[in-house]
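Undergrad: Here you go, one structure.
The values are calculated or read from the model by the stated rules, or taken from the named source; none is laboratory data. From a predicted model like this one, the values you see are computed outputs, not experimental measurements. Here the Cβ positions follow ideal geometry from the backbone for every residue, glycine too, while neighbour counts run over all protein chains shown. These area figures cover heavy atoms from the full protein model, side chains too; ligands, DNA and RNA do not enter into them. Shrake-Rupley method; radii C 1.70, N 1.55, O 1.52, S 1.80 Å.
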Protein chains: 2
Amino acid sequence: MTDTAPRPTLEAVAALAGVSRATVSRVVNGGDGVREPLVQRVRRAVDELGYVPNQAARSLVTKRHDAVAVVIAEPETRVFADPFFALQLRGISKELTAQDSQLVLLLTEGRDDHARVGRYLAGGHVDGALVFSLHLDDPLPGLIQGAGVPTVFGGRPGWSDGRGGVTYVDSDNRGGAREAVRHLIGLGRERVAHITGALDQTSAVDRLDGFRDVLPDADPRRVAEGDFTPAGGERAMRELLARCPDLDAVFAANDLTAAGALRVLREQGRRVPDDVAVIGFDDMLAVAEQTDPPLTTIRQDIEEAGRLMARLLLRRLNGCGGGGGEGMPTGVVLPTTLVRRSSA
Amino acid sequence: MTDTAPRPTLEAVAALAGVSRATVSRVVNGGDGVREPLVQRVRRAVDELGYVPNQAARSLVTKRHDAVAVVIAEPETRVFADPFFALQLRGISKELTAQDSQLVLLLTEGRDDHARVGRYLAGGHVDGALVFSLHLDDPLPGLIQGAGVPTVFGGRPGWSDGRGGVTYVDSDNRGGAREAVRHLIGLGRERVAHITGALDQTSAVDRLDGFRDVLPDADPRRVAEGDFTPAGGERAMRELLARCPDLDAVFAANDLTAAGALRVLREQGRRVPDDVAVIGFDDMLAVAEQTDPPLTTIRQDIEEAGRLMARLLLRRLNGCGGGGGEGMPTGVVLPTTLVRRSSA
DNA sequence: CTGAGATCGGAGAGCGCTCTCACGCCACTC
DNA sequence: GAGTGGCGTGAGAGCGCTCTCCGATCTCAG
């Protein structure tokens, strides 16, 4: 098979069907305003030739690309430890597919890549962008906003508080955290500790805030800083145990952290949940179901969040031209649910 | 900000720099054959205007897209349980980025999507494809081969045995399995059992073959079929324990399976590794490090595999036109390594 | 100082498509 | 039976870029 088999063009289809290019174009793009018999003839010609429109030529004139960039900043952190992004990607993919858009994946790693991504987005290769940027001080969101590309963020960007105009989809980290802590209190626990996530991420900050919402007067020594990893969880748990040997419950910022904490508790002879109740966050199945005991945790519907992000973006692209504001929600917060297993 | 800010074109840059379009084009594409002072002037104009080439226009004439599709079939299965694809994507992304190619992600879910993907690939929107298709009976690989798009497969496609011409990158599943079993034997174990993966996937078949390479005469009752999930691992482990209560070692087809097996063993009062040694496969960190005891397992360098896939594809795209054959490896098998923790 | 050879820069023709216009043809009205 | 809409169709002009000529310029030997 020579790879020089030239793809059929509109012209070729038109010739075969005995009509003009314009008519073929009309049929290919929906067929409005073309009489039925002609539509049939064109369709047949398209099939016969195996014609597929050349997207490049089309974009050149329409200035639409039917493609959306998904930018994931600093994959090293969380992406690869949990199915978080995979699930979200799946949701995004489903929604984009349903609307005939392509998904261009941009993984960035460090500062150099930011410029590259900024340039790419500014270059108008895609119609819009879905951006995951976990860190508060990440310059990427700013860059992207500057590029003038319609964007929806996954997770609340760190600087979104004051200003409006930023569209994002986030889980109800704060509400979920409140629910977790209240659950522990409902179990009769009186000395609840918290292991935070990496506090340069809004999700960690929000979860800490949720903890404080419920326990505003908690001894500050009952809060230890973690980093969303099992190792961080272990370290923080040791600290907590040293500082407050009498604690009877731990709310960990995520399941990985909880797994680390669980190990330290066992090692130090504390029974879970009898002596110390433990609750996680995320409902990362591969972890939460495997720990001993299985982890009670807060679940977020990640796939739905992804789907929603895509839907929001596409609505903006198709619907209102660029007016923005009007009718575009600024932030959408998805509910979380408590999943009871055995650890609390 | 109105979204109608027209992007600068080559023409505009040329005008500002006081040269012709052709010269700007040359500078933008490497600058060969243009005198230094002019190059400088053009560069300055490009910067000043923030010019970015219009990829659509470029593709239209060059017939290159600088984009590669990554097709992941049936994500529900494994993708979301482990960081397997995430890591591979990262490797792919790194390599593509380095060569200025974009990554177009195609997630498929069920048969309908196959047609869509086939059409997309045949449509010549991308220069090549990297395809992950786990299942032996998946029609997708055939479809894609038929589309005439240069393709590299991730994992050995089920039907690649006889025919040549299929390029793929795979881990040494069979060799890794042999190493795992030999390790158990080296520990003095004499009744080694195996829990397979989902046998409609080549990786599972290869691992089983590796087991049999070392233990060709093993009692067939010491092999139980799993499905790469913890639940499958539990079920298979119970079966094995019922059939062969005297087994002293288990080689599980992956870490998730091993985790399930571990749970059943503990539940039935077998000590690991004293009574029964357990070894997994994949070195899925979130699992292998968290189990009790931590899992001894076989590691594969997934990220490197991804990078290699991309490199192979790009080499084919850039290098030899379409001759294929010549110098193109058909299958590349990456080595695995044994990671010793406590379970064996 | 001239001419040959080498090199650099510019004009222009498309790539395959969409979309605006203008025209032709029909049904229908008076 | 001629006039008048209105719908369907085709012609043609680009979208922004690359790349092939070909003419202009520069260099250097004779």
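Undergrad: With respect to A:ALA15, is the statement that it is outside any loop (DSSP other than H, G, I, E, B), free of Cβ contacts under 8 Å to residues at least 12 places away in the same chain, over 42 Å from the mean Cα position of the chain (by Cα) and within 13 Å of DNA strand D (Cβ to nearest atom) true?
TA: Spelling it out, A:ALA15 is indeed outside any loop (DSSP other than H, G, I, E, B), free of Cβ contacts under 8 Å to residues at least 12 places away in the same chain, over 42 Å from the mean Cα position of the chain (by Cα) and within 13 Å of DNA strand D (Cβ to nearest atom).
Undergrad: Let me ask something else about it. Among the residues of segment A:16-60, which ones are more than 11 Å from DNA strand C (Cβ to nearest atom) and of a type in the set (S, T, N, Q)?
TA: Residue satisfying the conditions is A:GLN40 alone.
Undergrad: Pick out, from segment A:20-104, the helices (runs of 4 or more DSSP H) lying fully within it that include 1 or more residues that are touching a residue at least 60 places away in the same chain (Cβ under 8 Å).
TA: A:84-98
Undergrad: Which of the residues spanning segment A:133-154 are under 17 Å from the mean Cα position of the chain (by Cα) and either within 30 Å of B:PRO6 (Cβ to Cβ) or modelled with pLDDT of 90 or more (or both)?
TA: A:SER133, A:ASP138, A:LEU140, A:PRO141, A:ILE144, A:PRO150, A:THR151, A:VAL152, A:PHE153, A:GLY154, listed by residue number.
Undergrad: Just one of A:GLY325, A:GLY321, A:GLY306 is within 13 Å of another protein chain (Cβ to nearest Cβ), within 26 Å of A:GLY128 (Cα to Cα) and at pLDDT 95 or above; which is it?
TA: A:GLY306
Undergrad: Next question, about the same structure. Take A:VAL13 and decide whether it is within 12 Å of DNA strand C (Cβ to nearest atom) and within 11 Å of chain B (Cβ to nearest Cβ).
TA: no
Undergrad: With respect to A:PRO8, is the statement that it is away from DNA strand D (no atom under 15 Å from the Cβ), touching a residue at least 24 places away in the same chain (Cβ under 8 Å) and in a loop (DSSP other than H, G, I, E, B) true?
TA: yes
Undergrad: Which residues, counting only those in segment A:261-292, are outside any helix (DSSP H, G or I), open to solvent by 20 Å² or more (accessible area, probe 1.4 Å), modelled with pLDDT of 90 or more and within 14 Å of chain B (Cβ to nearest Cβ)?
TA: Once the filter is applied, which keeps residues that are outside any helix (DSSP H, G or I), open to solvent by 20 Å² or more (accessible area, probe 1.4 Å), modelled with pLDDT of 90 or more and within 14 Å of chain B (Cβ to nearest Cβ), segment A:261-292 yields only A:VAL272.
Undergrad: Only residues that are in a loop (DSSP other than H, G, I, E, B), at the interface with chain A (Cβ under 8 Å from one of its Cβ atoms) and either under 28 Å from A:ARG116 (Cα atoms) or small (Gly, Ala, Ser) (or both): list them for segment B:105-133, please.
TA: Residues satisfying the conditions are B:GLY123, B:GLY124, B:HIS125.
Undergrad: Name the residues in segment A:49-73 that are more than 16 Å from DNA strand D (Cβ to nearest atom) and of a type in the set (Val, Ile, Thr), would you?
TA: Within segment A:49-73, A:VAL52, A:VAL68, A:VAL70, A:VAL71, A:ILE72 qualify.
Undergrad: Pairs, please: C-beta under 7 Å, at least 6 apart or cross-chain, first residue exposed (fewer than 14 other Cβ atoms within 10 Å of the Cβ) and in segment B:330-341, second among the aliphatic types (A, V, I, L, M)?
TA: B:THR330/B:VAL166
Undergrad: Under 6 Å between Cβ atoms, which residue pairs at least 6 apart in sequence (or on different chains) link something in segment B:133-156 that is more than 15 Å from B:LEU317 (Cα to Cα) and not assigned by TED's automatic domain parsing to the domain that holds B:VAL205 with a partner that is of a type in the set (D, E, K, R) and not in a helix (DSSP H, G or I)?
TA: Close Cβ pairs (under 6 Å, with a partner that is of a type in the set (D, E, K, R) and not in a helix (DSSP H, G or I)) amount to B:HIS135/B:ASP200; B:LEU136/B:ASP200; B:GLY155/B:ASP170; B:ARG156/B:ASP170.
Undergrad: Follow-up. Restrict the check to segment A:8-18 and report whether at least one residue is modelled with pLDDT under 90, open to solvent by 40 Å² or more (accessible area, probe 1.4 Å) and either on the phi > 0 side of the Ramachandran plot or not polar (S, T, N, Q) (or both).
TA: Checked against the condition, which is being modelled with pLDDT under 90, open to solvent by 40 Å² or more (accessible area, probe 1.4 Å) and either on the phi > 0 side of the Ramachandran plot or not polar (S, T, N, Q) (or both), segment A:8-18 yields no hits at all.
Undergrad: Among (1) among the aliphatic types (A, V, I, L, M); (2) within 12 Å of chain B (Cβ to nearest Cβ); (3) open to solvent by 30 Å² or more (accessible area, probe 1.4 Å), where does A:LEU38 come up short?
TA: (2)
Undergrad: Of the residues that make up segment B:200-219, is at least one acidic (Asp, Glu), within 23 Å of B:GLN268 (Cβ to Cβ) and open to solvent by 60 Å² or more (accessible area, probe 1.4 Å)?
TA: There is no residue in segment B:200-219 that is acidic (Asp, Glu), within 23 Å of B:GLN268 (Cβ to Cβ) and open to solvent by 60 Å² or more (accessible area, probe 1.4 Å).
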